[in-house]
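The values are calculated or read from the model by the stated rules, or taken from the named source; none is laboratory data. Because the structure is a prediction, the values reported are computed rather than measured. Cβ placement follows ideal geometry from the backbone for every residue including glycine, while neighbour counts extend to all protein chains displayed.
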Amino acid sequence: MNDVNKLINMAFEVREKAYIPYSNHGVGAALLSKDGEIFTGCNVENAAYSPTNCAERTAFFKAVSEGVREFEAIAIVGGLMNRTATNICAPCGVCRQVMREFCSDDFKIYLGYRNEAGDIDYELMTLGELLPESFGPENL
């Protein structure tokens, strides 16, 4: 990825659109396809909780609904909306499994945040690191 900061900035921007009346924990994701297209997503909560959809899955489902199935990287940012996102926000287990459906172990996951100076920073992990010994389509 040539411009990780651009991807993380897009995740911060879409985070502002999160629908989070219950947790106030906003998450934004920016998903980069292999052909360079970027799909964004935010979390959308629901009073019944289980119908809530995470930002990462929103981005993946938008991409898949447009016919895109090959991905290079995703940037994820999150935290309470009344605070600066100064810590990483790792994807939940369900989102990791959705990523595994479409991505290989070397898929890049940028966990973005703002450092003490207010600048963008991130930790880079791979899907294989976040979901070792995963179950995927080849297991069926």
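So, Ala117, is that one small (Gly, Ala, Ser), free of Cβ contacts under 8 Å to residues at least 60 places away in the same chain, within 19 Å of Glu129 (Cα to Cα) and not in a strand (DSSP E or B) or not?
No; evaluated as a whole, the condition is false for this residue.
Matching residues to (1) at pLDDT 95 or above; (2) closer than 23 Å to Lys17 by Cβ:
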residue: Cys54; (1), (2): yes, yes
residue: Phe60; (1), (2): yes, yes
residue: Ile74; (1), (2): yes, yes
residue: Gly79; (1), (2): no, yes
residue: Thr86; (1), (2): no, yes
residue: Cys95; (1), (2): yes, yes
residue: Glu101; (1), (2): yes, no
residue: Ile109; (1), (2): yes, yes
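Please go through the range 121-140 and pick out each residue that is surrounded by fewer than 19 Cβ atoms within 10 Å (Cβ to Cβ) and within 19 Å of Met10 (Cα to Cα).
Answer for the range 121-140, where residues must be surrounded by fewer than 19 Cβ atoms within 10 Å (Cβ to Cβ) and within 19 Å of Met10 (Cα to Cα): Asp121, Glu123, Leu124, Met125.
Would you pick out the residues in the range 110-120 that are exposed (fewer than 12 other Cβ atoms within 10 Å of the Cβ), closer than 20 Å to Val14 by Cβ and of a type in the set (Gly, Ala, Ser)?
Within the range 110-120, just Gly118 meets the criteria.
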